[in-house]
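The values are calculated or read from the model by the stated rules, or taken from the named source; none is laboratory data. Computed from a predicted model, the values in this text were never measured in an experiment. Cβ coordinates were reconstructed from backbone atoms using ideal geometry, including for glycine residues, and neighbour counts include every protein chain displayed. Only protein heavy atoms, including side chains, enter the accessible area calculation; ligands, DNA and RNA are left aside. Shrake-Rupley method; radii C 1.70, N 1.55, O 1.52, S 1.80 Å.
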Amino acid sequence: DLQNYAADAAHELRTPLANLRAELETAIQEPSRVPDPLLVSLAEEVHRMTRIVTDLLTLAKLDLRQYALRKERVELEPILREVCETWIPIAAERKIEVSVRECASPASVDGDPVALRRILMNLVENAVKYNRDGGRVDVSLRRADNTIIVEVGDTGPGIPAEHLPRLFRRFYRVDQARSRETGGAGLGLALCKSFVEAHEGTIAVRSVEGQGTAFTVTLPAERGML
């Protein structure tokens with residue numbers, strides 16, 4: 001079926017892409033060679049394609065229930081802080097301020113730390129990339145009853161209302177031209193949704209054109225905290 005086909009195709013593409021990337025990186029780093037802008041550009045494109053193929057394979061495995069989440073007790077605060085620290089220098093280049101409001105009480109979940117980090121990384125990355133120069137990214141972590149809530153908001157251009165119901169579809173991009181410039185393939189939010197749902201959580205978006213966008217992830221608190 002289509003899901004198996006996607007998994008098989010993505011799997012078959014990984015090896016030739018890995019070989020091509022290795023060859024390009026070797027050529028670029030060769031001491032006797034003058035850096036070739038074309039090779040650098042090709043290496044970047046292969047890296048982008050590799051990420052797309054990896055995301056497709058992950059999504060296919062999640063669909064087929066073949067992706068094994070390695071669940072453990074995970075404190076979200078350190079992961080969220082690390083993700084934000086990764087993007088703060090990049091945001092600063094465009095004078096975007098990244099503000100983090102951490103949880104006053106323990107905020108741990110039963111989850112896969114790699115998957116959870118990917119969710120947070122994607123949301124903060126989007127908030128920075130699709131923001132306006134001089135804007136803000138507001139990230140918060142809080143506990144509400146038996147859930148942990150993460151919210152990532154930006155002061156970017158916002159998303160037209162007609163796009164919101166389709167935002168988590170695979171390969172769906174609000175702005176095709178902007179996505180090409182930033183290397184987006186329209187898989188990041190689909191992957192976020194699949195990972196969140198695999199943790200028995202929910203992800204939602206609200207947006208106002210001209211004011212900004214906010215994503216909210218709600219996850220069950222660690223059972224020991226209930």
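Scanning the range 105-124 for residues that are open to solvent by less than 20 Å² (accessible area, probe 1.4 Å) and of a type in the set (Val, Ile, Thr) yields VAL109, ILE119, VAL124. Report yes if some residue within the range 103-123 is touching a residue at least 60 places away in the same chain (Cβ under 8 Å) and farther than 20 Å from PHE195 by Cα; otherwise report no. Yes - at least one qualifying residue is present in the range 103-123.
For ARG94, the conditions (1) open to solvent by less than 40 Å² (accessible area, probe 1.4 Å); (2) within 24 Å of ASN131 (Cα to Cα); (3) not in a helix (DSSP H, G or I) are fulfilled apart from (1).
Within the range 141-150, the residues that satisfy the criterion of being buried (at least 16 other Cβ atoms within 10 Å of the Cβ) and touching a helix residue (DSSP H, G or I) at 6+ places or on another chain (Cβ under 9 Å) are LEU141, ARG143, ILE148, VAL150. Entry remark, the range 61-86: residues being free of Cβ contacts under 8 Å to residues at least 40 places away in the same chain, open to solvent by 70 Å² or more (accessible area, probe 1.4 Å) and assigned to a helix (DSSP H, G or I) number 3 in total. Close contacts from the range 200-212, counting a first residue that is more than 17 Å from GLY156 (Cβ to Cβ) and a second that is polar (S, T, N, Q) and surrounded by 14 or more Cβ atoms within 10 Å (Cβ to Cβ), with Cβ to Cβ under 9 Å and a gap of 6+ residues or different chains, come to GLY201/THR147; GLY201/THR218; THR202/THR216; THR202/THR218; ILE203/THR216; ILE203/THR218; ALA204/THR216; ALA204/THR218. Screening the range 125-140 for residues that are in a strand (DSSP E or B) and either among the polar types (S, T, N, Q) or open to solvent by 10 Å² or more (accessible area, probe 1.4 Å) (or both) and picking the one that is nearest to PRO220 (Cα to Cα) gives SER140. If I filter the range 50-70 for residues that are at pLDDT 85 or above and over 28 Å from TYR172 (Cα atoms), do I get at least one hit? Within the range 50-70, one or more residues are at pLDDT 85 or above and over 28 Å from TYR172 (Cα atoms).
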